[in-house]
Amino acid sequence: MNTPTTAVIGASGMLGRELVSACAARGIDVIGFGGPEALDITESDAVREALRGVKLVLNAAAYTDVDGAESEAAKAMRVNQLGPMNLARTCRDNDALLVHFSTDYVFNGVASSAYRVEEEPSPLNVYGLSKLAGEHAIRDIGCDHLIIRSSWLFAPHSRNFVRTILDLSSQRSTLQVVADQTGRPTACGDLASMTLGLVEAGAKGTFHAANHGRCTWFEFAREIVALTDSDCRVEPCKTNDQPRPAPRPRFGVLDLTETIKLIGKPRHWKAALRDCVEALVVAGRAAPGGQTISPTVQER
């Protein structure tokens, strides 16, 4: 039996599941590694053995607990720096392409216009530092690579902001959501398609990929609730009204110019959101008054 030449690391996660589906839709023979129990990317020998013969590695595995990273810095750095380093070394030795996903949190959020790929990163929190360290590790190893920064991921499965807001709006009459942080919401299915489009276009280096449009978390939440029959009222608040362990960048809009040149303009986040909410409601998992969804938000 031949070994698939494409591998998805973190295949059971929110983005990983969509990458596997996108590969299948294109007829790509893919092997998925669902989590640390399937492949611990911090163990170099395990990575080398698992990826023998693989020519395209899509790495969606990461430590994504933004607040947790503040107290688990060593763990975050191990997964988000050492893991990509091991993958890069194996890809270099196998003459393979490594596609790795990073985040808008590598920037400090003080810009007034969309962050270009070449702008100097300056993370505000440990999570952002660990993701930036992963980027540097891949570049330093020198393997063929495509680093894709994205933001505010959501999907009709897994833990994410959309499912949390739908759940809470079915339980409460009012929600307060921060209105002084701005970014680009991104559907994981669209990000997966953009990723394979960039690979097929021969993209190398660092690119930004996200849905078109921008909004605040408040505007995002308001749009989510508006797509349901909920009577919940969404109200704006400030970041300082809801203090969190990790500081957040106030502005994380990524410039998509270089990506658009290669694969065209992505659809607007509102269109992607509409499909996501419809899928959740049809599945009976998000309708107001329905089943409970975990309120834990996974931002990346």
Worksheet item: If you go through the stretch 194-208 one residue at a time, do you hit one that is aliphatic (A, V, I, L, M) and closer than 29 Å to residue 245 by Cβ?
Response: no
Practice prompt. May I ask you to say which residue of 286, 279 is modelled with pLDDT under 95, over 21 Å from residue 128 (Cβ atoms), surrounded by 13 or more Cβ atoms within 10 Å (Cβ to Cβ) and touching a Lys or Arg at 6+ places or on another chain (Cβ under 7 Å)?
Written response: 286
Worksheet item: Within the stretch 76-113, which residues are β-branched (Val, Ile, Thr) and more than 27 Å from residue 184 (Cα to Cα)?
Response: 90
Item to complete: Please note which helices (runs of 4 or more DSSP H) are completely contained in the stretch 3-119 and include at least 2 residues that are hydrophobic (A, V, I, L, M, F, W, C), buried (at least 24 other Cβ atoms within 10 Å of the Cβ) and within 16 Å of the chain's Cα centre (by Cα).
Response: 14-25
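Does residue 273 satisfy being crowded, with 18+ Cβ neighbours inside 10 Å, over 18 Å from residue 103 (Cβ atoms) and not hydroxyl-bearing (Ser, Thr, Tyr)?
Yes: the conditions hold for residue 273.
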Practice prompt. Mind listing just one residue for me: the one in the stretch 117-162 that is basic (Lys, Arg) and in contact (Cβ under 8 Å) with a residue 12 or more places away in the chain and, of those, nearest to residue 272 (Cα to Cα)?
Written response: 159
Fill in: residue 206 being within 21 Å of residue 173 (Cα to Cα) and among the hydroxyl-bearing types (Ser, Thr, Tyr)
no
Worksheet item: Quick one: what pairs do we get from the stretch 33-48, first residue touching a residue at least 24 places away in the same chain (Cβ under 8 Å), second in a loop (DSSP other than H, G, I, E, B) and among the β-branched types (Val, Ile, Thr), C-beta under 6 Å, 6+ apart or different chains?
Response: 47/41
Worksheet entry | Qualifying residue in the stretch 254-261 (condition: touching a residue at least 12 places away in the same chain (Cβ under 8 Å), among the hydrophobic types (A, V, I, L, M, F, W, C), within 12 Å of residue 186 (Cα to Cα) and in contact with a helix residue (DSSP H, G or I) (Cβ under 6 Å, 6 or more places away or on another chain)) | yes
Fill in: Set 195, 182, 174: member being within 24 Å of residue 230 (Cα to Cα) and of a type in the set (S, T, N, Q)
174
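The values are calculated or read from the model by the stated rules, or taken from the named source; none is laboratory data. Small disclaimer: the values here were computed from a predicted structure and weren't measured. Every residue, glycine among them, receives a Cβ derived from its backbone with ideal geometry; neighbour counts consider all protein chains shown.
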